[in-house]
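What follows draws every value from the coordinates through simple rules; no lab data is involved. Source: prediction; values computed, not measured. Glycine also receives a Cβ, built like all others from the backbone with ideal geometry; neighbour counts cover every protein chain displayed.
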Amino acid sequence: MVSLCTYECRLVPGLLQSGAYVRAVFRYRIPPLSDEQLEAQVAARLERQEMLRERIHVPFGFIVEEPVFRRCFGDAETRRGMLDHVLAQGARRNVTLQVLPLGADLHACTDGPVRLLGTPEGRRVAYSEGQENGRLITGPKQVSLLHQRCDTLRSQALTPKDSRDLSERLRGAL
């Protein structure tokens with residue numbers, strides 16, 4: 001992978017989730033996971049986050065809607081820890097975090113979350129997921145359209161600095 005851009009409107013993106021947040025996500029799964037399954041899922045998600053540290057030449061971009069950070073997910077300590085973790089990951093030189101504020105107009109990605117990937121071979125692909133399914137999108141026209149939507153969304157989101165300031169204010173309010 002040579003680039004990854006993620007738009008998320010439901011949850012904190014997996015690559016930015018704290019351990020406690022991951023546990024809270026999997027705790028609410030239906031059907032419930034066993035303790036062993038839950039811990040395996042947590043470990044796998046946290047292990048994937050190592051790519052942010054290990055792949056310093058890969059740009060990771062995240063556009064996240066503000067309500068995701070405001071959602072009461074777990075207790076105040078879990079939410080503080082999540083915001084601390086997001087702020088720490090967002091401080092990496094290869095990570096860009098932008099928040100789409102509550103007051104933003106309707107935008108180009110209202111169809112839901114999407115991930116855009118650039119491959120070492122120069123291919124661009126996209127991935128979209130929903131309830132119980134996911135879809136790899138490889139058609140050049142579809143992928144190009146999703147890139148256009150995300151480019152427009154990026155222009156509607158707060159700047160990385162303003163996004164960081166908002167995240168710090170949300171963290172301070174807990």
* Before rounding to the nearest 500, sum -39500 (n - 2.57) across all DSSP H runs of length at least 4 in the chain and divide by the residue total; then give [θ] at 222 nm in deg cm²/dmol. => -13500 deg cm²/dmol
* Based on other C-beta atoms within 10 Å, arrange ILE30, ILE56 from fewest to most. => ILE30, ILE56
* If you take the charge dipole of the chain about its Cα centre, with +1 on Lys and Arg Cβ and -1 on Asp and Glu Cβ, which of GLY112, ALA157, GLY130 is farthest toward its positive end? -> ALA157
* Mark the label point 7 Å from the Cα of THR159 along Cα→Cβ and return the residues of region 83-109 whose backbone N is within less than 15 Å of it. => 97-99
* Structure fact -> In nm, the gap between the two label points placed 7 Å beyond Cα toward Cβ at GLN41 and VAL58 is 2.3 nm
* Under the classification rounded if a/c is under 1.5, otherwise prolate if a/b is larger than b/c and oblate if not, where does region 1-89 fall, given a ≥ b ≥ c as square roots of the Cα gyration tensor eigenvalues? -> oblate
* Relative contact order, percent, of region 69-151 when contacts are C-alpha pairs under 8 Å separated by at least 6 residues? -> 17 percent
* Structure fact -> the chain: relative contact order from alpha carbon pairs under 8 Å, six or more residues apart, as a whole percent, is 29 percent
* Asked: Using a simple spin-label model with points 7 Å from Cα along the Cα→Cβ vector, what separation in nm is obtained for ARG48 and ARG93?
  -> 2.7 nm
* Considering only HIS57, LEU38, SER18, whose Cα is most displaced toward the positive end of the charge dipole of region 14-111, charges sitting on Cβ of Lys, Arg (+1) and Asp, Glu (-1)? -> HIS57
* Asked: Assigning unit charges at the beta carbon (Lys, Arg +1; Asp, Glu -1) and nothing else, what dipole magnitude in debye, to the nearest 20, does the chain show about its Cα centre?
  -> 320 debye
* Structure fact -> Expected vector for region 44-54, Karplus 3J(HN,Hα) from phi with 6.51, -1.76, 1.60 and θ = phi - 60°, integer Hz, x for Gly and Pro, equals 5, 5, 5, 5, 4, 5, 4, 5, 5, 7, 7
